[in-house]
Amino acid sequence: MENIIGRSIGETSLTQISFISKDMPKMGEYVTMEYNNQIILGMIESLVRGSVSLNADIYDPDTIYRIRSIEGDDYYIKGTIKILGDIDNLKIPRTPAPPATEIKIASKEILNKVFKNENGLKLGNLISNDNVSVKLDINKMVSRHLAILAMTGAGKSNTVSVLIDGLLEKNGCPFIFDMHSEYVNADFPNGKVNIIKPVINPLHMDFPEIQSLANIRSNSYIQERYFRKAFYLAKKEIRSGTASSQNFIQIIKDFLNYWYGDGTESEKVTYNNEIIFNTISSKDKNSIMDVLNKLDDLEDKYGKLFNTNINSILSQIELGQANVIDLGQVDDLISEVLVEHILRVSLKSRKDYIHGKKDELSYPIFFVLEEAHILAPNGRDPKSKYWIRRIAREGRKFGLGLCLVSQSPKTIDPDALSQANNMIILRLVEPKDQRHVQTASESLSDDLVTQLPSLNIGEALVLGLMTKVPTLVKVDEFKGRSVGGDIDILNAWSSEVQNEQVELEKQMEESKSLDGLY
């Protein structure tokens with residue numbers, strides 16, 4: 001009898017019951033009820049404590065004190081429980097619980113049975129029972145995608161690091177788009193970091209990828225026409241070995257300069273006896289000059305992005321290592337192009353492999369997109385968002401998973417977010433963020449939303465197919481070298497002052513030495 005905390009009251013439904021208790025349970029704690037010859041598991045979603053005598057209509061503090069002294073500890077605890085299903089199969093019962101059904105705290109044995117996952121990835125332990133570990137189903141996490149959402153400083157980077165290290169323990173293949181160079185120097189106990197430079201071989205690029213970098217809009221038809229032709233001719237020149245230079249942008253400019261200088265309204269422009277353009281008018285020449293000017297800008301800003309002598313980015317990925325592409329030193333446009341390029345070629349390669357081309361990408365990849373609100377923004381349409389949506393819709397068929405990480409959920413594209421069938425939500429205070437996440441997740445009830453602001457650092461609400469039931473978890477502390485932490489401002493100031501003092505003393509010593517020479 002000692003683990004009975006209360007009994008059901010009022011009307012009950014198949015999915016929720018209300019209860020009254022004299023003992024104070026914990027928010028998010030698991031309870032059991034026995035009816036219909038089954039043991040049913042539930043989760044406490046809301047709690048209030050009150051007194052029948054001390055109602056909200058009493059306005060005199062002295063009266064409240066006198067009633068309290070007479071009443072003593074005669075108060076009640078009222079709450080609601082979300083029905084999760086029977087402990088064997090987690091199937092919702094077909095009939096509601098009878099009135100006055102006993103509510104018991106779920107035993108450790110029952111919880112271990114529910115959360116048992118021999119090959120799972122350990123995320124942490126239950127907040128309500130730190131003796132019970134929470135392991136995630138890796139297959140469902142990767143194939144059905146994941147979102148990690150929280151306000152700044154709530155523990156996103158630690159959570160991502162725990163997941164990456166857990167995947168490395170299983171010989172997994174995480175690929176991190178590292179927007180702030182947080183993971184470049186990380187130390188994962190279960191695997192190495194494979195740093196991939198943000199450089200593309202332009203021979204593997206599609207025209208739209210370089211078109212956005214050159215700032216040539218799709219409605220600039222004449223500019224696009226000449227640039228597109230020069231782009232594909234440049235690729236053809238390099239692949240055939242006839243190009244005099246490996247500078248891809250310069251080869252494109254050489255074609256454009258030839259057309260600008262030698263093309264006339266009556267001349268057929270050819271390449272290797274192939275007619276490229278029948279005529280090049282004065283108006284066309286002006287457009288060619290505009291393209292040349294934009295290519296000068298492209299070369300100044302993004303020339304280091306291209307290298308025709310490197311292998312494809314896919315060939316640089318290592319299975320069993322944390323593959324990190326360092327985007328900390330590039331601007332948002334390059335980041336968007338790299339994400340677009342990598343997701344596009346990965347999807348194509350996995351499709352080709354599954355359809356019999358064995359020299360293509362032969363293993364699944366789990367893409368981690370930091371700052372997902374930049375790469376898949378709500379209200380703007382970069383090409384990276386299109387490919388994030390594509391992978392979100394099609395990736396599970398081909399072994400490509402997504403993990404969207406953001407401290408600003410309300411600014412993430414809702415279509416992309418809704419495709420994440422798993423969520424790890426740490427502390428989230430902003431109401432607009434909460435509503436946006438709730439809209440994207442059918443598993444996030446109003447009662448669970450109210451818990452998000454009360455989560456402590458490192459605590460998370462875990463939802464989705466990768467866990468059998470909604471779970472409040474204390475995420476493990478990452479054991480490797482920490483990433484993503486705040487800068488120690490006071491220490492940075494003090495260190496700078498000390499460095500300046502040391503430098504000043506050094507200069508004074510050098511000055512004295514020079515004075516002694518004369």
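Multiply the residue separation of TYR258 and ASN119 by 0.36 nm, subtract the distance between their alpha-carbon atoms, and state the gained length in nm to one decimal.
Between TYR258 and ASN119, full extension yields an extra 43.8 nm.
Could you give the distance between the Cα centres of segment 442-463 and segment 358-380, to the whole Å?
Comparing the Cα centres of segment 442-463 and segment 358-380, I get a distance of 26 Å.
How big is segment 164-260 on each of its three principal axes, counting only the C-alpha atoms and giving the largest first in Å?
58, 33, 20
For helix 248-262, report the angle its Cα long axis makes with the longest principal axis of the Cα atoms of the chain; keep it between 0 and 90° and round to the nearest 10°.
Around 40 degrees separate the two axes.
Multiply the residue separation of THR450 and ILE39 by 0.36 nm, subtract the distance between their alpha-carbon atoms, and state the gained length in nm to one decimal.
145.2 nm
Simple spin-label model, 7 Å along Cα-to-Cβ: GLU496 to THR63 in nm?
It works out to 6.0 nm between the two label points.
Determine how large the accessible area of MET151 is when every protein chain is in place; take a 1.4 Å probe and give Å² rounded to the nearest 10.
70 Å²
For the chain, what is the accessible area per residue in Å², given a 1.4 Å probe and the full set of protein chains? Write down the numbers at each step before the final one.
Working: 26280 Å² over 518 residues.
Normalised by residue count, the accessible surface of the chain is 51 Å².
Provide the solvent-accessible area of GLU496, counting protein heavy atoms only and rolling a 1.4 Å probe, rounded to the nearest 10 Å².
100 Å²
Compute the distance from the alpha-carbon center of segment 387-417 to that of segment 112-183, in whole Å.
Between the Cα centre of segment 387-417 and that of segment 112-183, the gap is 17 Å.
What is the gain in length, in nm to one decimal, between THR95 and LEU319 on full extension, counting 0.36 nm per residue of separation less the C-alpha to C-alpha distance?
Details: separation 224, 0.36 × 224 = 80.64 nm, distance 4.90 nm.
In short, 75.7 nm is gained.
On C-alpha positions alone, give me the angle between the axis of helix 156-169 and the longest principal axis of the chain, in degrees, nearest 10.
80 degrees
Just need log10 I(q)/I(0) for the chain at q = 0.10, 0.13 Å⁻¹, Debye formula, equal scatterers on the alpha-carbon atoms, no solvent, rounded to two decimals.
Log-scaled intensity ratios, in q order: -0.90, -1.22.
What number do you get for segment 399-441 when its Cα radius of gyration is normalised by 2.2 N^0.38 Å, N = residues?
Expressed relative to 2.2 N^0.38 Å, the Cα Rg reads 1.11.
So what's the gap between the Cα centers of segment 287-340 and segment 1-67, to the nearest angstrom?
58 Å
How are the Cα pair distances of segment 42-83 distributed, in percent, across 5 Å bins from 0?
In order of increasing distance, the bins hold 5, 20, 23, 18, 12, 10, 8, 4, 1 percent.
Distance in nm between label sites at ASP296 and ILE20, each 7 Å beyond Cα in the beta-carbon direction?
8.4 nm
Let me know the charge dipole size of the chain about its Cα centre in debye, to the nearest 20, where only the beta-carbon of Lys, Arg (+1) and Asp, Glu (-1) is charged. Please list the in-between numbers first.
Numbers: 60 positive and 71 negative charges, 466 e Å.
Roughly 2240 debye for the chain.
Regarding segment 16-164, what is the average projected area of its C-alpha convex hull, in nm²?
On the way: hull surface 52.9 nm².
Reported value for the Cα convex hull: 13.2 nm².
Working with all protein chains in place, sort VAL437, VAL502 by solvent-accessible area computed with a 1.4 Å probe, largest first.
Descending order: VAL502, VAL437.
On the protein heavy atoms, probe 1.4 angstrom, tell me the percent of accessible surface of the chain carried by carbon and sulfur.
47 percent
The values are calculated or read from the model by the stated rules, or taken from the named source; none is laboratory data. These numbers were taken from a predicted model, which means no experiment stands behind them. A quick note on method: Cβ atoms are made from the backbone with ideal geometry, for glycine too, and the neighbour counts reach across all protein chains shown. Accessible surface is based on the protein model in full, side chains and every heavy atom, while ligands, DNA and RNA are left aside. Shrake-Rupley method; radii C 1.70, N 1.55, O 1.52, S 1.80 Å.
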